[in-house]
1. Pick out the one residue from Val84, Val64, Val88 that is at pLDDT 95 or above and within 14 Å of Val28 (Cβ to Cβ).
2. Do we find that Thr7 is among the β-branched types (Val, Ile, Thr), open to solvent by less than 80 Å² (accessible area, probe 1.4 Å) and modelled with pLDDT under 95 in this structure?
3. For the stretch 132-159, what are the residues that are modelled with pLDDT under 85 and open to solvent by 100 Å² or more (accessible area, probe 1.4 Å)?
4. Would you mention how many residues in the stretch 55-76 are surrounded by 20 or more Cβ atoms within 10 Å (Cβ to Cβ) and either more than 20 Å from Glu124 (Cβ to Cβ) or under 12 Å from the mean Cα position of the chain (by Cα) (or both)?
5. Return only the number of the condition from (1) in contact (Cβ under 8 Å) with a residue 12 or more places away in the chain; (2) open to solvent by less than 60 Å² (accessible area, probe 1.4 Å) that Phe115 does not satisfy.
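The values are calculated or read from the model by the stated rules, or taken from the named source; none is laboratory data. As the structure is a prediction and not an experimental result, all values here were calculated from the model. For neighbour counting, all protein chains shown are included, and Cβ atoms are generated from backbone atoms with ideal geometry for every residue, glycine included. For the accessible areas, the whole protein counts, side chains as well, though only heavy atoms, and no ligand, DNA or RNA atoms are used. Shrake-Rupley method; radii C 1.70, N 1.55, O 1.52, S 1.80 Å.
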Amino acid sequence: MFSARLTETKKAFSSLAWLPTLILRVSVGYMFFSGAVTKLTAPDQLVATLREGGIPLAGSVAPVLATLELVGGAALVLGLGTRVAALVLAAVMGGALVTTIVGPLSGQYPDPSTFLSSLFYTPEWLLMLLLGWMLCAGAGRFSIDAVLRGRHRLRSAQP
């Protein structure tokens, strides 16, 4: 009896395996998209952050980064070019970690264990991990990528 219920529960959860992919992809995409809208409409804070991180030509780099986040975020929400968008956005997060997070954290927490614990709590690190997962897993069933993949399979199967 218990074994049968456990099997039914496993099947029920397996049938929902697509849901976490969809929720994470859309959520992360929306985070980047909405953040980019703010950065593009009020770029001064981003430029200041980039300057503090020692980024040369911060005034020129800021709109490029904001545009990458806008386009990449929209691509993730739609599930269009998900792996490419995830790669680009993960690189942006890696850059943010190196330029604005690691330095201050290493000064504040010289002990490696405390430093790593603090680093792993940063949104940039967590976003980079999620983007890395999307890079490997793809967009999932409910995405433009899946529709395009299905059309490609249909064309390939026709004589």
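1. Values: Val84 fails: within 14 Å of Val28 (Cβ to Cβ); Val64 fails: within 14 Å of Val28 (Cβ to Cβ).
The conditions single out Val88.
2. Values: among the β-branched types (Val, Ile, Thr): yes; open to solvent by less than 80 Å² (accessible area, probe 1.4 Å): yes; modelled with pLDDT under 95: yes.
When the stated conditions are applied, Thr7 passes them.
3. Arg151, His152, Arg153, Leu154, Arg155, Gln158, Pro159, listed by residue number.
4. Qualifying residue count, the stretch 55-76: 5.
5. (1)
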